[in-house]
Each structure stands twice: as C-alpha cells, then as structure tokens.
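Encoded as structure tokens, the structure appears first; notes follow it.
The values are calculated or read from the model by the stated rules, or taken from the named source; none is laboratory data. Every value quoted in this text rests on a predicted model; they were computed, and no experiment measured them. Note that each Cβ is placed from the backbone with ideal geometry, even for glycine, and that neighbours are counted across all protein chains shown. Side chains included, ligands, DNA and RNA excluded: accessible areas come from the protein's heavy atoms. Shrake-Rupley method; radii C 1.70, N 1.55, O 1.52, S 1.80 Å.
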Amino acid sequence: MDPISRPQAIIDFCLAPLDLDPGSESEKEVRRRLEHVIKTFQAKAATPVAVDFSRMPSQVINEAAHGYE
C-alpha cells in the first residue's frame, strides 16, 4: 500500500471498518470533523504529510481476557 496524503482518502480508509450508513447525518459529521483535523494538521506541518497504513502495527485484542469469547 502506498502512503495516502489526500484527506478524503485517509478518511475513507479509516471509516471503512465501521460500515457507517452512507449519507447519514452521523457519517457526514464524522467526515466533516476528520477532514478539518487532517487539513489543519497538514497545514501546520512543516512538510507534506502522508499516512502509510501498511506500516501501522497490528492491534491484538484478547477477547477471552474481557469475557467476550
């Protein structure tokens, strides 16, 4: 996977696992807030920012430890 720099592409990738109802008010608001955060961060950074999700460490959840077997 190549690094992603476009705010909408980053948001699409992050929201995909949530399977939000497309076009719902909640989905629109989440996208609006995330886009603001990403664009603000990119504007303040000294260099262009891209996110490489292929280098993101895996999260392992021990469901048995939480009683969700």
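For the range 1-25, enumerate the residues that are in a helix (DSSP H, G or I), open to solvent by 80 Å² or more (accessible area, probe 1.4 Å) and farther than 13 Å from PHE53 by Cβ.
Matches in the range 1-25: LEU18, GLU25.
Are any residues in the range 33-51 among the basic types (Lys, Arg) and surrounded by 11 or more Cβ atoms within 10 Å (Cβ to Cβ), and if so, which ones?
ARG33, LYS39, listed by residue number.
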